[in-house]
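These notes are about the structure you will find just below.
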Amino acid sequence: MKKEPFVTNEQLKEIVKEYPTPFHLYDEKGIRANAQALKEAFSWNKGFKEYFAVKATPNPFLINILKEYGCGCDCSSLTELMLADALHFQGGDIMFSSNATPAEEFKLAERMGAVINLDDFTHIDFLEKTIGYIPETISCRYNPGGVFKISNSIMDNPNDAKYGFTKEQLFEGFQVLKEKGAKYFGIHAFLASNTVTNEYYPTLARTLFETAVELKEKTGAEIRFINLSGGIGIPYRPEEEPNDIRAIGEGVRNVYEEILVPAGMGDVAIYAELGRFMMGPYGCLVTTAIHEKHTHKEYIGCDACAVNLMRPAMYGAYHHITVMGKDNRVCDHKYDITGSLCENNDKFAVDRMLPEINKGDLLVIHDTGAHGFSMGYNYNGKLKSAEVLLKEDGSTQLIRRAETPEDYFATFDCFDILKDMKHQ
Ligand SMILES: *Cc1c(COP(=O)(O)O)cnc(C)c1O
């Protein structure tokens, strides 16, 4: 499917007059339509709830949009909990799914009444020692090991993943938690990331539902929710077929009716912790081509770099690029599209066929709405960009300003870099 930006060239030309590139732009209309579609796809399940994975896009303006559709927050760190707290998410609206968890994070999660999703058997004791008791409602993360397959293709390798309880630990953990006062249980698993198939959730659901039935029979635990977590992906590449959330919802429903309902577990709530699927396609990185370089290869140097979008440098991830205003021209130029870091992997694309790019052209790097801005860092002393929301009425709102040198130097307590500079 042809990948089109959610913003037109004319619109973008106006937007960059107000906000200098680079910046991440988000599409309110797309975010809303998708959140609504997810809600409808799982409306068959009374307790269904999506806990948005805050780490994907930790922006309060965007999270507040999702909140209107009944979404909660899935937090994994102290600051993510603080953000959820500031946005007035209440206890049951917050899932705390973390690993190698520091004590103060459990303490804050407990004070906020968040649902705690334990990553390890030893965390039962650690949690009890840290907060003084075991909460009534508790969840455990399951890692069945082995490889995760759909039909015959290997999707991911849980055996190598650091997360979760083994099956034996899960059964023993439920017993121990019950003895320590837990009453209501949840199970969670995240077994493959960025899946572009409608089969991922139903396949995972089968594993979790069967495990839940067994857990109930063997431990007598009252299982209230099953958390299918994240992992529903998006088509980063034009040739990929987008997931059909309606089909995914129906797929999970079929397995639910096949396994849980006959086991007398027809009131179990289904939870999700989607990040990428909720935001990925509804954000893009807007950057200007500022240099052309002709050496052993053809390079286009941008004003954005891996600090703004790390996925290509980190995983060799594909992000589609549109040269604005040249969408209908032939892709007869082969480019490496680079940032300015002193790192040769700072390339948004390698050997990408694109129309001829001239200095000053605006490039839209697609699908940066999740794990884009948030993965950023400050290598080479580069500053993080602004985030801008394209609203439904076509107007824009600055939802995070760009970092300044003041922000960058703010953590030096005994040096005042800006004051000490000679060349102000
Ligand atoms: C990252 C993460 C998610 C979200 O993953 P996506 O691939 O963005 O859907 C959900 N749950 C947990 C525990 C995570 O670590």
Mind counting the residues in region 258-280 that are open to solvent by 40 Å² or more (accessible area, probe 1.4 Å) and within 16 Å of the ligand (Cβ to nearest atom)? 0
Could you list, in sequence order, the residues of region 116-134 that are in contact with a strand residue (DSSP E or B) (Cβ under 8 Å, 6 or more places away or on another chain), over 19 Å from residue 73 (Cα atoms) and not acidic (Asp, Glu)? 121, 124, 127
Show the residue pairs meeting these rules: Cβ distance below 6 Å; 6+ apart or different chains; first residue within region 110-134 and closer than 17 Å to residue 92 by Cβ and away from the ligand (no atom under 16 Å from the Cβ); second residue in a helix (DSSP H, G or I) and open to solvent by 60 Å² or more (accessible area, probe 1.4 Å). 112/85
From the residues in region 222-232 that are more than 7 Å from the ligand (Cβ to nearest atom) and of a type outside the set (Lys, Arg), which one is farthest from the chain's Cα centre (by Cα)? 222
Looking only at region 183-202, decide whether some residue is under 22 Å from residue 128 (Cα atoms), within 16 Å of the ligand (Cβ to nearest atom), assigned by TED's automatic domain parsing to the domain that holds residue 119 and hydrophobic (A, V, I, L, M, F, W, C). yes
Of the residues in region 231-270, those that are under 15 Å from residue 187 (Cβ atoms), part of a loop (DSSP other than H, G, I, E, B) and of a type outside the set (Val, Ile, Thr) come to 263, 265
Within region 317-347, which residues are acidic (Asp, Glu) and in a strand (DSSP E or B)? 336
Does region 389-407 contain any residue that is outside any loop (DSSP other than H, G, I, E, B), surrounded by 13 or more Cβ atoms within 10 Å (Cβ to Cβ) and basic (Lys, Arg)? yes
Tell me which residues, restricted to region 213-226, are buried (at least 19 other Cβ atoms within 10 Å of the Cβ) and touching a helix residue (DSSP H, G or I) at 6+ places or on another chain (Cβ under 8 Å). 215, 219, 221, 223, 226
When region 114-130 is checked residue by residue, the ones that are open to solvent by 40 Å² or more (accessible area, probe 1.4 Å) and either within 16 Å of residue 54 (Cα to Cα) or among the small types (Gly, Ala, Ser) (or both) are none
Do any helices (runs of 4 or more DSSP H) entirely within region 1-97 hold 2 or more residues that are within 16 Å of the ligand (Cβ to nearest atom), open to solvent by less than 20 Å² (accessible area, probe 1.4 Å) and within 24 Å of residue 319 (Cβ to Cβ), and if so, which? 28-41, 60-67
Within the bounds of region 180-197, is there any residue that is in a loop (DSSP other than H, G, I, E, B), of a type in the set (S, T, N, Q) and crowded, with 18+ Cβ neighbours inside 10 Å? yes
Qualifying position, being open to solvent by 10 Å² or more (accessible area, probe 1.4 Å), within 16 Å of the ligand (Cβ to nearest atom) and modelled with pLDDT of 95 or more, among 172, 240, 210: 240
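The values are calculated or read from the model by the stated rules, or taken from the named source; none is laboratory data. These numbers were taken from a predicted model, which means no experiment stands behind them. When we count neighbours, we look across all protein chains shown, and the Cβ atoms used for this are built from the backbone with ideal geometry, even at glycine. Each accessible area value is taken on the protein alone, full model and side chains, heavy atoms only, with ligands, DNA and RNA left out. Shrake-Rupley method; radii C 1.70, N 1.55, O 1.52, S 1.80 Å.
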